[in-house]
Amino acid sequence: MTNTNSDNSREWAAQAYALLKKKQEEQKQELIKQEEQKQELIKQEEQKQELIKQEEQKQELIKQEEQKQPLIDSLNTENVPGTTKTIDETELGEFDDNFTWSAMVLAAQGKEINQISIDEIDWLTKLRRGLEETRKGFVTELLDKLGDDPLTPESLDDLETLLIRADVGIDSTDKVISSLRKKLNEEVVGGEAGIKFLKKELKLIIDKPIKNSGTDLLVPQKGKLNVWLLVGVNGVGKTTTLGKLAYLSSRSNYKTLIAAADTFRAAAVEQLKVWGERSNVDVISNQSKNADPAAVVFDAINSAKKRNIDLLLVDTAGRLQTKNNLMDELAKIKKIIDKKVPDAIVESLLVLDASQGQNGLKQAKSFAKSANLSGAIITKLDGTSRGGVSLAVSEEVNLPIRFIGAGEGIKDLRPFNSYEFVEALLADK
Ligand SMILES: Nc1nc2c(ncn2[C@@H]2O[C@H](COP(=O)(O)OP(=O)(O)OP(=O)(O)O)[C@@H](O)[C@H]2O)c(=O)[nH]1
Ligand SMILES: [Mg+2]
């Protein structure tokens with residue numbers, strides 16, 4: 001190779017190198033560019049994924065909110081028509097003996113753990129506390145006397161005295177004691193078994209008129225006008241009970257109306273209107289002095305028919321001017337109902353104040369004779385030692401107990417449940 005050739009070769013090589021270098025540089029740049037693009041793509045992909053994730057999270061939150069909504073709604077309204085918040089929402093109390101006892105009573109009636117409500121626990125606690133006075137002079141004393149020993153004929157005498165003292169009544173007491181005596185003749189009965197047997201016997205007495213009536217639980221019949229008259233002597237709790245019933249009824253979605261047929265006591269209408277407002281139920285009244293109670297009922301029936309009412313609750317007077325007779329007035333009201341709505345389902349419910357004991361029983365007997373009663377409501381079971389009178393009403397007046405009241409609050413009235421009542425009456429300690 002000549003020098004020239006050699007020079008040319010170097011030149012060529014240099015050019016080739018330069019070219020390659022350029023190529024390489026270009027490739028490098030291309031790679032960098034590609035890398036940059038790749039990074040850009042990765043970044044975009046990441047951003048996209050992030051956006052997708054955010055969207056998913058957003059959707060999840062929306063879903064959670066949607067799931068939460070009906071729960072919040074139902075908590076707010078709790079089936080009270082036309083209101084967004086419940087009246088006196090019940091708060092869960094302490095985890096104590098009362099709670100445990102109430103939960104056990106519910107469980108014994110087949111309730112599952114997730115079906116138990118705070119309201120039920122609250123009511124049973126009130127009932128148990130309310131019957132404490134009756135129980136004190138009764139079961140506690142009996143258990144103290146019995147100890148762990150088997151029942152003897154002497155302990156039956158003690159039991160007899162205690163039952164009479166708790167206003168259970170002579171007839172019911174006789175019945176229970178003779179069943180126990182019979183059982184004692186057949187076998188040895190321990191203290192605990194004795195209480196169990198006693199509970200069974202008392203429940204039988206209370207359940208008899210309920211079974212005979214053919215209706216275990218009194219509820220308004222749908223598709224008909226139900227008229228419930230609340231009757232009883234003055235001060236027993238008719239108006240208060242009617243207010244509580246209006247609340248129960250409207251809360252259970254029955255179209256409810258109140259007739260203020262106690263026209264004797266001036267404040268009666270105002271008292272009813274307060275209850276009506278609390279339970280969101282209208283009150284039909286006639287403010288004029290000495291208005292005819294039957295005329296108020298007449299107006300109320302017209303209104304009930306127009307509005308397609310399920311349940312008309314009628315408050316009646318506990319006392320009238322001497323020239324008028326309470327029974328005649330009730331008969332007049334009944335006549336109007338029969339004439340205007342012959343197919344209505346009418347209940348005449350005698351309201352009885354448990355704290356009046358045997359006196360209340362006397363009233364019940366005289367009302368039962370003339371007022372054609374279909375059931376009883378026992379009030380003021382809180383704090384009386386005479387809760388046993390409920391048994392006398394069942395046995396001696398033969399009336400099914402339909403509701404019981406144990407307090408002045410709107411929720412302090414419940415449909416009567418003989419199992420719960422007897423358990424509360426004979427709860428130990
Ligand atoms: N502790 C307690 N008090 C009650 C209960 N039910 C009613 N009361 C109270 O008994 C009093 C008389 O109640 P009312 O509802 O006005 O009795 P009423 O039978 O309508 O009376 P008259 O209209 O005068 O015949 C009020 O102070 C009530 O708050 C109850 O279950 N427990
Ligand atoms: Mg009243």
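Worth pointing out:
- The lone criterion from (1) in contact with a Phe, Trp or Tyr (Cβ under 6 Å, 6 or more places away or on another chain); (2) under 16 Å from residue 191 (Cβ atoms); (3) of a type outside the set (Lys, Arg) left unmet by residue 152 is number (1).
- When each of 336, 309 is tested for being on the phi < 0 side of the Ramachandran plot, touching a strand residue (DSSP E or B) at 6+ places or on another chain (Cβ under 8 Å) and touching a residue at least 12 places away in the same chain (Cβ under 8 Å), the lone residue that passes is 309.
- Search result, residues across segment 301-352 that are in contact with a Phe, Trp or Tyr (Cβ under 6 Å, 6 or more places away or on another chain) and part of a helix (DSSP H, G or I): 336
- Taking first residues from segment 190-219 that are among the aromatic types (Phe, Trp, Tyr) and partners that are modelled with pLDDT under 95, the Cβ contacts under 7 Å between residues at least 6 apart in sequence or on separate chains come to 197/180; 197/183; 197/189.
- Taking the numbered list (1) part of a helix (DSSP H, G or I); (2) surrounded by 23 or more Cβ atoms within 10 Å (Cβ to Cβ) in turn, residue 357 passes all entries but (2).
- Segment 111-166: number of residues that are farther than 25 Å from residue 379 by Cα and of a type in the set (Ser, Thr, Tyr): 2
- Residues that are touching a helix residue (DSSP H, G or I) at 6+ places or on another chain (Cβ under 8 Å), under 21 Å from residue 377 (Cβ atoms), surrounded by fewer than 18 Cβ atoms within 10 Å (Cβ to Cβ) and of a type in the set (S, T, N, Q) within segment 167-213 are absent altogether.
- Test: residue in segment 209-225 that is within 16 Å of ligand 2 (Cβ to nearest atom) and β-branched (Val, Ile, Thr): no
- The number of residues in segment 404-417 that are surrounded by fewer than 21 Cβ atoms within 10 Å (Cβ to Cβ) and not in a loop (DSSP other than H, G, I, E, B) comes to 2.
- All conditions but one from (1) modelled with pLDDT under 90; (2) buried (at least 18 other Cβ atoms within 10 Å of the Cβ) apply to residue 400; the one that does not is (1).
- Residue count for segment 244-301 under the criterion of being surrounded by 20 or more Cβ atoms within 10 Å (Cβ to Cβ), of a type in the set (S, T, N, Q) and either within 16 Å of ligand 1 (Cβ to nearest atom) or more than 24 Å from residue 415 (Cβ to Cβ) (or both): the result is 3.
- Candidates in segment 214-233 are the residues that are within 16 Å of ligand 1 (Cβ to nearest atom) and under 14 Å from residue 313 (Cα atoms); of these, the one that is surrounded by the fewest Cβ atoms within 10 Å (Cβ to Cβ) is 228.
- Filter result (out of contact with any Leu (no Cβ under 8 Å at 6 or more places or on another chain) and assigned to a loop (DSSP other than H, G, I, E, B)) within segment 372-399: 372, 380, 382, 383, 384, 385, 386, 398
The values are calculated or read from the model by the stated rules, or taken from the named source; none is laboratory data. Values in this document were obtained by computation on a predicted structure and should not be read as measured data. When we count neighbours, we look across all protein chains shown, and the Cβ atoms used for this are built from the backbone with ideal geometry, even at glycine.
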